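Trainee: The structure that follows is given in the form of structure tokens.
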Amino acid sequence: MDQLKRQAAARALEEVRDGMQLGLGTGSTAKHFVELLGERVAAGLKVIGVPTSEATRADAERCGVPLTTLDEIDHLDITVDGADEIDPELNLIKGGGGALLREKIVAAASDRMIVIADDSKWVPTLGKFPLPIEVIPFGLGATRHAIEKAFAACGVSGQMAVRKAKDGHVFVTDGGHWIVDAQLGRIADPASLARALSAIPGVVEHGLFIGLASSAVLAGGEGIRVIE
Ligand code: 5RP
């Protein structure tokens with residue numbers, strides 16, 4: 001599996017040109033991209049990256065990839081990031097690694113978002129992977145109630161749980177928020193659900209990435225597929 005992730009990352013790297021400003025995703029697949037990019041930088045490639053998490057910032061620094069912020073520059077050429085699920089419209093569920101807020105800000109600031117994944121992430125319909133919803137801890141009960149109403153209005157339902165870190169404490173995002181993971185099973189209309197969740201004041205962001213990905217590089221046993 002790890003080999004497939006690296007192959008997808010290597011294919012995405014072929015799109016990178018000298019002088020590009022890059023969004024650097026988060027997760028085990030995106031980490032392969034950062035490592036391979038670091039090798040190219042060491043060989044003379046001139047690029048600059050914006051990391052989507054503190055973990056990716058640390059990886060990029062370790063690999064010698066020069067970094068900047070979206071305060072210093074206001075647009076990116078390409079973001080390369082992983083995903084938890086990818087549907088045939090290139091809608092995504094992201095946030096399994098907890099970085100969805102910065103990932104979405106960075107993807108939205110990019111001309112192109114290339115999603116890299118092993119082909120187990122390719123699904124006919126989103127929803128089997130629990131949907132991460134980043135929330136403000138204040139008023140969480142009321143926010144959960146509003147989320148349930150949004151689910152009902154969009155024809156989905158399922159258990160919600162506040163994400164815990166490995167040490168058993170509540171998982172806190174890089175932005176200082178919490179994540180609620182919702183087991184929905186099947187999301188028939190992800191665009192409507194995305195709009196409904198975005199309208200809830202206590203929801204900071206959600207893991208539905210609608211219309212942001214320009215292409216997906218999927219690595220499987222039979223080779224690499226690029227879907228656009
Ligand atoms: C992090 C993400 C990741 O891109 C997603 O969880 C996929 O991770 P991996 O490449 O480790 O399977 O959205 O917030």
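Trainee: Restricting to segment 6-45, count the residues that are farther than 17 Å from ALA117 by Cβ and away from the ligand (no atom under 16 Å from the Cβ).
Mentor: Adding up the residues that qualify gives 14.
Trainee: Taking the condition within 16 Å of the ligand (Cβ to nearest atom) and either under 24 Å from ASP119 (Cβ atoms) or at pLDDT below 95 (or both), does GLU89 pass?
Mentor: Criteria not met by GLU89.
Trainee: Okay, moving on. Go over the candidates GLU228, GLU222, GLU205 one by one and state the one that is in contact with a Ser or Thr (Cβ under 9 Å, 6 or more places away or on another chain) and surrounded by fewer than 13 Cβ atoms within 10 Å (Cβ to Cβ).
Mentor: GLU228
Trainee: Would you please list the contacts, defined by Cβ atoms under 7 Å and residues six or more apart or on different chains, that run from a residue in segment 48-68 that is more than 16 Å from ALA107 (Cα to Cα) to a residue that is part of a loop (DSSP other than H, G, I, E, B)?
Mentor: Pairs found: GLU54/ASP174; ALA55/THR26.
Trainee: On to the next question. What is the residue count in segment 127-149 for residues that are within 16 Å of the ligand (Cβ to nearest atom) and either farther than 20 Å from LEU193 by Cα or within 14 Å of the chain's Cα centre (by Cα) (or both)? Talk me through it step by step, then tell me what you get.
Mentor: Here is the first cut: in segment 127-149, the residues within 16 Å of the ligand (Cβ to nearest atom) are 127-135.
Adding the requirement that they be either farther than 20 Å from LEU193 by Cα or within 14 Å of the chain's Cα centre (by Cα) (or both) leaves 129-134.
Of the residues in that region, 6 qualify.
Trainee: Within the set of pairs 6+ apart or on separate chains, which have a first residue in segment 19-43 that is touching a residue at least 24 places away in the same chain (Cβ under 8 Å) and closer than 12 Å to GLY82 by Cα, a second that is in a helix (DSSP H, G or I) and within 8 Å of the ligand (Cβ to nearest atom), and C-beta atoms under 7 Å apart?
Mentor: Close Cβ pairs (under 7 Å, with a partner that is in a helix (DSSP H, G or I) and within 8 Å of the ligand (Cβ to nearest atom)) amount to LEU24/ALA30; GLY25/GLU103; THR26/GLU103; SER28/LYS5; THR29/LYS5; HIS32/LYS5.
Trainee: Output the number of residues of segment 34-61 satisfying the condition of being among the β-branched types (Val, Ile, Thr), more than 13 Å from ASP18 (Cα to Cα) and out of contact with any Asp or Glu (no Cβ under 8 Å at 6 or more places or on another chain).
Mentor: Taking segment 34-61 as the starting set, the residues that turn out to be among the β-branched types (Val, Ile, Thr) are 34, 41, 47-48, 50, 52, 56.
Within this subset, residues satisfying the condition of being more than 13 Å from ASP18 (Cα to Cα) are 34, 50, 52, 56.
Those still in the list that are out of contact with any Asp or Glu (no Cβ under 8 Å at 6 or more places or on another chain) too: 50, 56.
Qualifying residue count for the region: 2.
The values are calculated or read from the model by the stated rules, or taken from the named source; none is laboratory data. No experiment lies behind these values; they were computed from the predicted model shown. We place every Cβ from the backbone using ideal geometry, glycine too, and count neighbours over all the protein chains shown.
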